[in-house]
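Worksheet: one structure, shown below.
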Amino acid sequence: MPIYKYIARTATGERLDGTMDAPSADAVASQLSHNDTTPIEIYEAGEQNTLWQRIDQKLIGGPKANDLILLCRQLHTLLKAGVPIDRCFSGLSASAENPTLRTTLVDISLQMESGRELSAAFNRYPDIFPTLFVSMVHVGENTGKLDEVFATLAKQLELERITRAQIKSAMRYPTFVLIAIALAMGVLLVF
């Protein structure tokens, strides 16, 4: 059963935030109404529905490439050591520095506890985990070699990060030259 997050108000006007296992959002609403609370907002855990959550994510920023590389390396090490995957995510979510990644890992852990596959849980966050990442995790689940998949993903993400840095470095000089030429042309046209 999916996990739903809700915001509700009691009869006295007190705000309640919580989560509930239910087959649908309607079931959550009826359960809340049965408890004499008025549901204000109900959404499936993992969805970034609320305006404040989207604003927070934009202001704080999502996880960087280094965060994902570190996550993959840590998952590889923990899985290779035989740590159960649910304990991996609960431990990693507690130690994650990026707040967006931390809440994402907590939600992925909750989704796996409710019976969802790891790749399906990752797939709910396309802004954080690319399609290749999700597909590789799906293959790892089906073959039983999830630890090797995370090692491969760490190498791939590291290679992408290095390539991006090299491209940025190579573009600095031509950009500087074009700006200098534009300034020189502007000075010549003015005088």
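The values are calculated or read from the model by the stated rules, or taken from the named source; none is laboratory data. As the structure is a prediction and not an experimental result, all values here were calculated from the model. So basically every Cβ, Gly included, is an ideal-geometry build from the backbone, and we count neighbours across all protein chains shown.
Under the condition of being more than 29 Å from the chain's Cα centre (by Cα) and exposed (fewer than 15 other Cβ atoms within 10 Å of the Cβ), the residues counted in segment 10-33 number 7. For beta carbons closer than 9 Å, sequence separation of 6+ or different chains, a first residue in segment 139-158 that is in contact (Cβ under 8 Å) with a residue 24 or more places away in the chain and a second that is part of a loop (DSSP other than H, G, I, E, B) and of a type in the set (Asp, Glu), the qualifying pairs are 141/117. Scan segment 112-120 and give yes if some residue there is in contact with a strand residue (DSSP E or B) (Cβ under 7 Å, 6 or more places away or on another chain) and modelled with pLDDT under 90, otherwise no. Yes - at least one qualifying residue is present in segment 112-120. Of all residues in segment 151-191, those being among the aromatic types (Phe, Trp, Tyr) and at pLDDT 95 or above number 0.
With the checklist (1) touching a Lys or Arg at 6+ places or on another chain (Cβ under 9 Å); (2) surrounded by 16 or more Cβ atoms within 10 Å (Cβ to Cβ) in hand, flag the one item residue 121 doesn't pass. Only one criterion in (1) touching a Lys or Arg at 6+ places or on another chain (Cβ under 9 Å); (2) surrounded by 16 or more Cβ atoms within 10 Å (Cβ to Cβ) is unmet by residue 121, namely (1).
For segment 71-169, the helices (runs of 4 or more DSSP H) that sit wholly inside it and include 3 or more residues that are of a type in the set (S, T, N, Q) are 85-95, 99-113, 131-143.
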